[in-house]
Amino acid sequence: MPASLVWFTNNLRVQDNSALIEACKKDQPLICVFFIDPLWKRQTQYGTHSLGMMRGVFLHETLTALAKALQQRGQRLNIIESDPVEGVKRLVSLHSISNVFGSRQFGIFECEQWKRVKDGHPHVNFHQSSTSTLFDELAFLPPDNFPITFSQFRKRISGMSFRASSGIPECFPPPLRVTPTYHHQKGSGGYSANQDRHYSYFLGGEEFVLAHLEAYFDSTAPSTYKAPRNALEGIDYSTKFSPWLANGSLSVRMVYDRLVRYEKDCGANASKEWIVFELLWREYFQWYAGYFQSQIFRFSGITNCRPLTSFYSQRFQAWCTGNTPWPLVNAFMRQLNMTGYMSNRGRQIVASCLVNELQLDWRCGAYYFEQQLLDYDVGSNWGNWQYIAGVGADPRGGRHFNIDKQAAIYDPEGVFVRQWCESSADRSGALANIQKKFDRGHDLTVLDACDAADWPIKG
């Protein structure tokens, strides 16, 4: 009997997942799969990795939650450590798969993976859905017609409507068990959802973030968002949705729909409009990455101007570890290393420091953020770094922040700096213990919430 394959990537949720909904409509047995790409462990030219410790733990929690949600609906999440192209190829060859469903992605490597799989299986129907953006398509995206600046983008989308979020599939077809031709190996370690989470507001998974979504909009925070948005620390100065939006355990359309409901109940004001403004910045960078593809990784960005910077390993290491001459920068970097998170203001300040004060190649900073940030996504990360470095969407040609002035404005009493720098020894020790456990055998494929006798699967 023909089967359908649901290839989970940046849509790690059950609700408002159009790829999953469309697969269920086929009424074919389902194989739900997530691939752990070995390339995530490969070292970059700057000594970083694609998937750092904090992101790894957050992903593990998210996959555990997704596996549990699918299991409650009679499905099974198959987590396979394999190159995704080879993994899909093997599954198609072993099972009568006639349809593959996935989420539209915007990074060049992810787009190429999908294309390679699709081109290699002309007899299989491939379906991609827009699960990470407000718009399904943008009519103004033909070649040479992309709005270079965010302001131009906002003007072009003015008056365009967003599709509302959808619910959970009404019914799920039966699961199809993956043929055990992979090497099966029981996991012996891994992190549970609450283990070793120091100084972090975030737990991975759809269930947790949906509770956070309701709690946020049941409060008065959306009405006062604009005033504290440049704060440096705390749970309530921003929406804190970005980590879940990044890996797709939360839908951006669900955030927008919930905001619309809030406005109907409480009325519109500048703060709520600013939340939409931030969602549109995220939207812009998604399409920006999809349009410019490999240019978002170029030293000269989308321009023909090469910055007057280079790479100095000692300076870069000092920046990464929070041991620069600027206490505010050090506090931000230590916060990032401990929590996987940093305020938007902090990101701009440390990025400006790396490019302008330390005269470093902006790409090493972007790679480090990719490794460390819980809310990393290719468009927002690389687009924002290009913006700061002056090789991207900023019409002013880059941003240079006066660090002393920023400290005087946003941390005048030095509270933030003391919090993250004076107790650095204790915090560093805790971080080192987590890192040792992670390096010693943290396995993303260990699903604590699953009844899995012979999983995970090693490719």
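Some observations on this one:
- Flag for Ser313 being of a type in the set (S, T, N, Q), under 23 Å from the mean Cα position of the chain (by Cα) and either surrounded by 14 or more Cβ atoms within 10 Å (Cβ to Cβ) or on the phi < 0 side of the Ramachandran plot (or both): no
- Within the stretch 131-160, if we keep just the residues that are of a type in the set (S, T, N, Q) and modelled with pLDDT of 85 or more, the residue that is surrounded by the fewest Cβ atoms within 10 Å (Cβ to Cβ) turns out to be Ser158.
- Among (1) in contact (Cβ under 8 Å) with a residue 40 or more places away in the chain; (2) farther than 17 Å from Arg13 by Cα; (3) open to solvent by 40 Å² or more (accessible area, probe 1.4 Å) - the single one Lys68 does not satisfy: (2)
- Helices (runs of 4 or more DSSP H) contained in the stretch 284-379 and holding at least 3 residues under 30 Å from Ile157 (Cα atoms): 344-352, 362-372
- Considering residues of the stretch 224-240 that are open to solvent by 10 Å² or more (accessible area, probe 1.4 Å) and closer than 26 Å to Ser166 by Cα only, the residue farthest from the chain's Cα centre (by Cα): Ser238
- All positions within the stretch 11-26 that are within 15 Å of His127 (Cα to Cα) and surrounded by fewer than 24 Cβ atoms within 10 Å (Cβ to Cβ): Ser18, Ala19, Ile21, Glu22, Cys24, Lys25, Lys26
- Pick from the stretch 169-210, criterion within 24 Å of the chain's Cα centre (by Cα), more than 25 Å from Ile80 (Cα to Cα) and open to solvent by 60 Å² or more (accessible area, probe 1.4 Å), ranking: modelled with the highest pLDDT: Tyr201
The values are calculated or read from the model by the stated rules, or taken from the named source; none is laboratory data. Please read all numbers here as calculations on a predicted model, not as lab measurements. Cβ atoms come from the backbone with ideal geometry, glycine included; neighbour counts cover every protein chain shown. Note: areas computed on protein heavy atoms with side chains; ligands, DNA, RNA excluded. Shrake-Rupley method; radii C 1.70, N 1.55, O 1.52, S 1.80 Å.
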